1. Say we look at the stretch B:325-348 and pick out the residues that are assigned to a helix (DSSP H, G or I) and open to solvent by 50 Å² or more (accessible area, probe 1.4 Å); which of these is farthest from the other protein chains (Cβ to nearest Cβ)?
2. Quick check on this structure: which one of C:312, C:322, C:304 is touching an Asp or Glu at 6+ places or on another chain (Cβ under 9 Å), hydrophobic (A, V, I, L, M, F, W, C) and assigned to a helix (DSSP H, G or I)?
3. Do we find that residue A:176 is open to solvent by 40 Å² or more (accessible area, probe 1.4 Å), within 11 Å of another protein chain (Cβ to nearest Cβ) and touching a Phe, Trp or Tyr at 6+ places or on another chain (Cβ under 9 Å) in this structure?
4. Out of curiosity, is residue B:143 open to solvent by 10 Å² or more (accessible area, probe 1.4 Å), of a type in the set (Lys, Arg) and more than 7 Å from chain A (Cβ to nearest Cβ)?
5. With of a type outside the set (Lys, Arg) and over 31 Å from the mean Cα position of the chain (by Cα) as the only criterion, which of D:282, D:309, D:332 stands out?
6. Whether any residue in the stretch C:281-301 is outside any helix (DSSP H, G or I), more than 7 Å from every other protein chain (Cβ to nearest Cβ) and either open to solvent by 10 Å² or more (accessible area, probe 1.4 Å) or among the acidic types (Asp, Glu) (or both) is what I want to check.
7. Find the residue count for the stretch D:362-377, including only residues that are more than 17 Å from residue D:325 (Cβ to Cβ) and open to solvent by less than 20 Å² (accessible area, probe 1.4 Å).
There are 4 protein chains.
Amino acid sequence: MKLQRAHAGALREAGILTDDDLANLQHGLDAIEREYGTAPCPASDAEDIHTWIESTLTERVGHAGRKIHTGRSRNDQVATLLKMYVIEAGEALSDDLESLIRTSCRRAKDWADLVFPLQTHNQFAAPGSVGFWALRHATAFDRVRRHLRFCVSHWRLRCPLGSGAVAGSSIPIDRRLQAEALGFEHPSRNALDSTTTRDECVELLALAAQVALHLQSFAADVIVFTQTPLGWTVYPRSFATGSSMMPNKSNPDAMELLRGECCAVVTAHGHALTLLKGLPGGYNRDLQCIKPLVHETVEKLTTLCRMAGAFLEQLDFDADRLAASLAQGGIGAALHMERKVLDGLALREAHHAVAAEVQQHGPSAVTADASDAARYRTSGGASPAEVRRIADEIQQELG
Amino acid sequence: MKLQRAHAGALREAGILTDDDLANLQHGLDAIEREYGTAPCPASDAEDIHTWIESTLTERVGHAGRKIHTGRSRNDQVATLLKMYVIEAGEALSDDLESLIRTSCRRAKDWADLVFPLQTHNQFAAPGSVGFWALRHATAFDRVRRHLRFCVSHWRLRCPLGSGAVAGSSIPIDRRLQAEALGFEHPSRNALDSTTTRDECVELLALAAQVALHLQSFAADVIVFTQTPLGWTVYPRSFATGSSMMPNKSNPDAMELLRGECCAVVTAHGHALTLLKGLPGGYNRDLQCIKPLVHETVEKLTTLCRMAGAFLEQLDFDADRLAASLAQGGIGAALHMERKVLDGLALREAHHAVAAEVQQHGPSAVTADASDAARYRTSGGASPAEVRRIADEIQQELG
Amino acid sequence: MKLQRAHAGALREAGILTDDDLANLQHGLDAIEREYGTAPCPASDAEDIHTWIESTLTERVGHAGRKIHTGRSRNDQVATLLKMYVIEAGEALSDDLESLIRTSCRRAKDWADLVFPLQTHNQFAAPGSVGFWALRHATAFDRVRRHLRFCVSHWRLRCPLGSGAVAGSSIPIDRRLQAEALGFEHPSRNALDSTTTRDECVELLALAAQVALHLQSFAADVIVFTQTPLGWTVYPRSFATGSSMMPNKSNPDAMELLRGECCAVVTAHGHALTLLKGLPGGYNRDLQCIKPLVHETVEKLTTLCRMAGAFLEQLDFDADRLAASLAQGGIGAALHMERKVLDGLALREAHHAVAAEVQQHGPSAVTADASDAARYRTSGGASPAEVRRIADEIQQELG
Amino acid sequence: MKLQRAHAGALREAGILTDDDLANLQHGLDAIEREYGTAPCPASDAEDIHTWIESTLTERVGHAGRKIHTGRSRNDQVATLLKMYVIEAGEALSDDLESLIRTSCRRAKDWADLVFPLQTHNQFAAPGSVGFWALRHATAFDRVRRHLRFCVSHWRLRCPLGSGAVAGSSIPIDRRLQAEALGFEHPSRNALDSTTTRDECVELLALAAQVALHLQSFAADVIVFTQTPLGWTVYPRSFATGSSMMPNKSNPDAMELLRGECCAVVTAHGHALTLLKGLPGGYNRDLQCIKPLVHETVEKLTTLCRMAGAFLEQLDFDADRLAASLAQGGIGAALHMERKVLDGLALREAHHAVAAEVQQHGPSAVTADASDAARYRTSGGASPAEVRRIADEIQQELG
């Protein structure tokens, strides 16, 4: 409807509509909006919703209705409406990410002093704060959020409306008026490109895939932390399922579903690329197939983001089990080696010395305890203080 | 080497290296650089290039060499080097796009007055300038170029170096010094995230896919323009191949190969996502598999961009065949209808009137001639003057 | 329900159920089937449909209901039900392909004498029968159908039921009875593999992708045949859409939608692979996400196959326009050259001779007429007689 | 060369070549084969290898060389050669799978009595034999091998040679002779389909993806078994790498690389589909891009299969650590429950009873010991005896 109004305004300016026409159309649009606002689209013989609006307008306001489609085409209309949807979805996703980042930062501070074995290669590697782990996800989501913010402004740069079917129009419509009325900065620069491209969909889907990749990685982490015999998490029961055959089991089903459902979002981008590949220039009806793909992907991702946030709120950790794990895997080795370096040994010599100790006495020679995490002194490191500092910094940036 | 120097500088600052150590290391690095600069990596028993550099340094400068790996890990080293490669590749790709945009704009102006039938749905649709078509591709490439420029700055925001294996280090290294020395704005915020993520690779590959999608669309257009019986192009012979069985044929092979080769670039993003899916947090060796993927994709895309540019320089059009096509498909219909609107008819009535004419007299009632393209009056439209204006505008923005 | 009965039979055989238990369970299952047969699943607190059936059975038949889940798990149940669905879907798809092949063969014979320019590289290449083109699609679909027939028998080889949660069961159930009752040849060989694998889904999706690839290729052909200025098809109006801005146009929207919708089917296989990648062995809940993917893909593909068949029934060709095109592109060149070979020239000399003629007199020196298609003498070639022969052969094989 | 000889034979039969021509060509082909047999392709101005062979033949044997390309085209030649390559690659892959299956069966028997906790949902689930785990992979590979055997015979059904450029030929070549000489059953049925399709490549890539999916799943299992604190494997040192920063660590790099490298194979199928999507019917040069993709994928997969086999030979398990894990996770629960069933309780009651015990006394109430695995009595279950039986059965089937 916003698009109809923007177009009508430009038609008035171009002298195609009289003041009366414009007033009539606006009343007509108001009436349709009141009547159908949130209702599902009425059954009709019209080829599509756009044709239906035009004919309904004409029924209600007569002559002016027959003028509303002047200087435009379904091709530029659908391109514009889809771009507007993508912008809105991008903003909503940015909000969902913001909320997830806030939760992650809050939990990072809650868990800043809870020390456990960080892992690389699925091996215990070094002591670090559970909060540091939570902050990993805040950092990753925040990085994508910044990229997404750029993309929203990038999509707003150019408005397709006024591109007509493929070549523009001989009606002297001022496309700047339309662009501004619809929240864009400028009209687009090439009508053929504007009616052919779906770049904003591809870009949104690429970012959605990235978010989904991070979400499934979060889920994978939680599943690992929950596994036998680690049992580090106090896994929220409302996100678990029992076993029909094994009475001993409670399974992290919600996280497995999160990991699995993310794949629909991860692969939607490739679906869109396959769809667009090989198409001739200019509008082709195949382009309509990207609309449900974007809608479904956005809706699924929204659900998954919120589910991850709700889960993170309820997740807890078993401090005793975390502490017990610190004794395994010789995870104090690197800190032990660095102490020798700080005491004057060259790194490579310290490395050999510690390796020899491990060889002789086993990994238990270089265990860690919870206090060791405080020894990291680099920014972005795994010490409790640094976790708090970074979490605060990110929260403050979000405002 | 740049990374080695940046790290050595930070180690000096942290008191791990003496001034002498630093000078020795710098001489050692200079010598290695002189000797191996552009040569292929020497055969060696070392686990990887990083270990080789360390042991070679140690051979040459002794003690100081044993200190160079202090406070860092292969995990943060490879993450940093890969990110630096992605930044460089992003800048080079941006330059290649710029060059392609300049060529497209130049050709757009060369062909601004050459009018032909624009197509939608593989049907002749409306008269427009061939230059308008060339400008479509300039506009599309320019849009991706802007996004890429953002990404380069986005990747430069945070430097992974100093993240260590997973948790940072207890050696008080000033990561800001390292970041600045390597051209980044800040050190990264979470060592676990920094050693796990390959977001910059994923983002580069997403943009590469988008460029490749546009390139194959360009190729598909040229193939259509070259087809029997259109024969619109004067297809450059050095980009064609004859037929072994049909002496009558000369085939647009280079454009078919461009369309085909682009698919490797289009699908590399999905390959990377599949690779990253399901990995546990923290460094895993799988992450190394993304490196050759990014390298090969970047190199292929570079070749394809340059090939498209070289082709565009040599492409020409057959003005007579273009003009002959204007008489087909009734492509003057929309302009004819809009003339009735400008004369006072409501759009929908004008639409019916023209449809009736076409029904009665066939499409020949509404043919177009070359002068009709000048009638478009919207910005971004298919008229020769507008094509020139926009091409100039884009060129000026590139500076 | 079939699965419940098969399992109950095996439990009776194993001595877990008495004859009375078995009779009770069968009455209970009959009653549930009568009541809910085709109705949607009732609202319930049960964790899933399987748990609901068990508790409903228990409500109705008491004690015996509490025994039905003996020696099985949801893990082997869902694997078995999904495999049974895949087998059924494979058979239904095979039927749909068969029907499409029959239609294609029939149309091939209808159009066997309609000669037009076959294309390679989007260039007119050689005269051939339109029926020959229709037969291309019959041949391709028939090839996939054979592969699919194999897969259905391949899937029937091994029944997962009786694999339990992961390791089988200590209840001595005779899995051969279950397998036979459910239409499989043998029980599966490894319970861990049986509860982990979704190979049959992956294989069905791979074949579905191949069918979709052929369908979109069919659509792409029709779009090309319909384009301006060829206009070879009499495109069925009920599959077309007009233009809102260009009164001259009627667009092949249904074929564009077919080409576009196929991409959802083409990419579902990659979606499944991404989902399965990185999963640990043994059942994980992620596996459930493949079920809706397979369902939706199968349903979409069914619709698209039938749409293609319905379209093919209504498609027609414009004999005059086909004939007019024979004069273009010098498409008689290869036959002309081969005549010289049959007259005694070596092929390479004949090739040079014809190339020289084309160079001197243009492509019009080597045009074709409709009778030329009859000159092909190789099996599988483009002559009307061979098209009829092969179409008959394929139809006879289908029986 | 085989193709050249088959074609020459058919040309002799068709009367195009004399007996002398045929003898000359065969000598020429012998000479070329002797000279260039295993050497890389010589530098040349020829458009491609096929043209080079023709001109080299002509240099050496004169007139007969000019006849060799009669009745064929590069289009059917490349289709035939590629199909022959796919058949060979399919057979080689089948052999590699066979070898991997044999190794897996052998190891399954080696480890038949080694009992450990089988996992579902990353949780310890039930006791089972390590050999049972090895057998899972044998079973999976064997399933794909059967499918692959079918496909090889499926690809051999129809030979493309003799399809010419698109329509066959007017030279009366007996395509059955060609087909037989090249090891196919019949000539293909539609020349347009034969020169357009790459179905055999798509099918090989789909199967390759499935093999790669199983290989990465094998790798993922090993990584999990090797993780801290499980340490179940005695991970072969030649497949591991140390840590540059953490002297305590030895990482399962080879398995991570296997998991990562598999993704190139997993995604090649999608790459091929993207390449083929949107192509017009008839030969297009894009089709050549599938050749390197298939080659590289086959070579990578071969390497990965052999690496997995070599690794499996060297892998060992730590019996003490396996046994220690049996006490964790209450993994005897299901067997405990089934004992109650065998003693007369209904399953659901037994389930409640065991759940209550676990609730009251913790998982330690239902631990398992190594002897428990022998209690499974279903075929395909996790008992040592059944593992041996199935391993033998599979080995015998392979012959």
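1. B:340
2. Answer to the selection: C:304.
3. On the way: open to solvent by 40 Å² or more (accessible area, probe 1.4 Å): yes; within 11 Å of another protein chain (Cβ to nearest Cβ): yes; touching a Phe, Trp or Tyr at 6+ places or on another chain (Cβ under 9 Å): no.
Judged against the criteria, residue A:176 is not a match.
4. Details: open to solvent by 10 Å² or more (accessible area, probe 1.4 Å): yes; of a type in the set (Lys, Arg): yes; more than 7 Å from chain A (Cβ to nearest Cβ): no.
No: the conditions fail for residue B:143.
5. Details: D:282 fails: over 31 Å from the mean Cα position of the chain (by Cα); D:309 fails: over 31 Å from the mean Cα position of the chain (by Cα).
Checking each option against the conditions leaves just D:332.
6. We begin by selecting, within the stretch C:281-301, every residue outside any helix (DSSP H, G or I); these are C:281-284.
Then drop every residue that is not more than 7 Å from every other protein chain (Cβ to nearest Cβ), which leaves none.
Within the stretch C:281-301, none of the residues are outside any helix (DSSP H, G or I), more than 7 Å from every other protein chain (Cβ to nearest Cβ) and either open to solvent by 10 Å² or more (accessible area, probe 1.4 Å) or among the acidic types (Asp, Glu) (or both).
7. Count: 1.
Listed here are the residues, each with its yes/no results for (1) under 30 Å from residue B:216 (Cβ atoms); (2) not aliphatic (A, V, I, L, M); (3) not assigned by TED's automatic domain parsing to the domain that holds residue D:87.
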site: D:240; (1), (2), (3): no, no, no
site: D:251; (1), (2), (3): no, yes, no
site: D:263; (1), (2), (3): yes, yes, no
site: D:292; (1), (2), (3): yes, yes, no
site: D:297; (1), (2), (3): yes, yes, no
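The values are calculated or read from the model by the stated rules, or taken from the named source; none is laboratory data. Computed from a prediction, not measured in an experiment: that's the story for all the values here. A quick note on method: Cβ atoms are made from the backbone with ideal geometry, for glycine too, and the neighbour counts reach across all protein chains shown. When the accessible area is computed, the model is the full protein with side chains, heavy atoms only, and any ligands, DNA or RNA have been set aside. Shrake-Rupley method; radii C 1.70, N 1.55, O 1.52, S 1.80 Å.
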